[in-house]
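**Q** Encoded as structure tokens, here's the structure I'll be asking about.
Coordinate-derived values only; no laboratory data. Small disclaimer: the values here were computed from a predicted structure and weren't measured. All Cβ positions, glycine included, derive from the backbone under ideal geometry; neighbour counts span all protein chains shown.
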Amino acid sequence: MRKNHLLLDLVNAMSSEEIRIVDLTFTLSPDFPTILLPPELGQVAPVRIEEISHYDARGPGHYWNNLSFGEHVGTHFDAPIHWYTGKDLPANSVDTMPLKDMIAPACVIDCSEQAEQDPDFLLTVPIVEAWEAQHGRIPERNWVFLRSGWAKKDFRAYANLRDDGAHTPGPNAEVMKWLVEHRGIVGFGTETIGTDAGQAGHLVPPYPAHHYLHGAGRYGLQCLCNLDQLPATGAVIIASPLKIRNGSGSPLRVLALISN
Ligand code: MN
């Protein structure tokens, strides 16, 4: 009986806006920037939207589209199977991962000023420790979101490609290992095109967010927006990827529940 009340209380709180829902998702569209790898490697395909009919001769009564896209486009989820470090873990793909991992609280670390000064800004352990001194220790099974302000940039500045690759903020190797091993985070989320910094291929190990998160069966979220609307702690994130067979990730709708 009491359990029913819990769920009803939640729904009532959402309709009275005692709990607010914030959309952390970019609109999925063909012009949204995708990650570019060195040309000798395979590339993720951007979104294609092909109209089937639009109340016309192809279908007088209805409008619909055919879609195609890579698993890692737009606001999207990374599963452990995405990286070699997580390839042999159980339940490591989007179709097999535990459902309870799709709903978890978030800690939001605001580094937008540092990222504005330096597009190659790296999150470090001392920065997170300073955040904890203010907001308390990051609890286990929380998301950590790096707020960089990147989602507010136009697409060109968002990708920030130069001759030597992308220049976008992210975590350093030490902080990723520490967040996974000493804080037990459920995952790490960013506003940028990847969970790792644009130049993270030069870090040791390369792409440390991917390396440590997925090696420990944890997840990534990227291309998040509206992180400036979240409190430092206390938001609950709903992130449930498409159920793609053996899928390594997927675009998805990411919602945050915030208590007003
Ligand atoms: Mn990805």
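**Q** Given Thr25, Val47, Ala104, which one lies farthest toward the positive end of the charge dipole of the stretch 1-135, if we put +1 on the Cβ of every Lys and Arg and -1 on the Cβ of every Asp and Glu?
**A** So the residue furthest toward the plus end is Ala104.
**Q** Along each of the three principal axes of the Cα atoms of the chain, give the extent in whole Å, ordering the values from largest to smallest.
**A** Extents along the principal axes, in whole Å: 62, 60, 38.
**Q** Over the stretch 160-235, consider all pairs of different Cα atoms and compute the Kirkwood hydrodynamic radius from their mean reciprocal separation; express it in Å, one decimal.
**A** Computed over the stretch 160-235, the radius equals 13.0 Å.
**Q** Which of the trypsin sites (Lys or Arg not before Pro) found in the stretch 167-254 are loop residues per DSSP with 14 or fewer other Cβ atoms within 10 Å of their Cβ?
**A** Those satisfying the criteria are Lys243, Arg245, Arg253.
**Q** Considering the stretch 63-165, what Rg and Dmax in Å follow from its alpha-carbon atoms?
**A** 17.4, 53
**Q** From the residues Leu255, Ser15, Gly136, which one has its Cα farthest along the dipole of the chain in the positive direction, the dipole being from +1 and -1 charges on Cβ of Lys/Arg and Asp/Glu about the Cα centre?
**A** Ser15
**Q** Given Cβ point charges of +1 (Lys, Arg) and -1 (Asp, Glu) and nothing else, what value in debye, to the nearest 20, does the dipole of the stretch 39-163 about its Cα centre take?
**A** My answer is approximately 280 debye.
**Q** Just flag the GluC sites (Glu not before Pro) in the stretch 82-140 sitting in loop per DSSP whose Cβ has no more than 16 other Cβ atoms within 10 Å.
**A** Of the GluC sites (Glu not before Pro), the ones in loops of the stretch 82-140 whose Cβ has at most 16 other Cβ atoms within 10 Å are Glu140.
**Q** Follow-up question, since we're still on this one. Note down the relative contact order for the chain as a percent, whole number, built from C-alpha pairs under 8 angstrom at least six residues apart.
**A** 29 percent
**Q** What does the charge count near Leu213 come to, summing +1 for each Lys or Arg and -1 for each Asp or Glu among other residues with Cβ under 15 Å from its Cβ?
**A** -1
**Q** Follow-up. So in the chain, what percent of DSSP beta bridges are antiparallel if you round to the nearest 5?
**A** 65 percent
**Q** Relative contact order (percent) for the stretch 88-218, with alpha-carbon contacts under 8 angstrom and 6 or more residues of separation?
**A** Here the relative contact order equals 27 percent.
**Q** Also, I was wondering about something else. List the aspartates and glutamates whose alpha-carbon lies under 16 Å from that of Lys177, not counting same-chain residues fewer than 8 positions away?
**A** The qualifying aspartates and glutamates are Glu129, Glu140, Asp196.
**Q** Okay, next question. Given an 8 Å cut-off on Cα distances and at least 6 residues of separation, report the relative contact order of the stretch 1-142 as a percent.
**A** Averaging sequence separation for qualifying contacts and normalising by length gives 13 percent for the stretch 1-142.
**Q** Kirkwood hydrodynamic radius, computed over distinct alpha-carbon pairs, for the stretch 1-110: how many Å, to one decimal?
**A** 18.6 Å
**Q** Something else about it: Suppose R0 equals 35 Å. What FRET efficiency, 1/(1 + (r/R0)^6) with r the Cβ-Cβ distance, do Val44 and Ala130 give to the nearest 0.05?
**A** With a Förster radius of 35 Å, E is 0.50.
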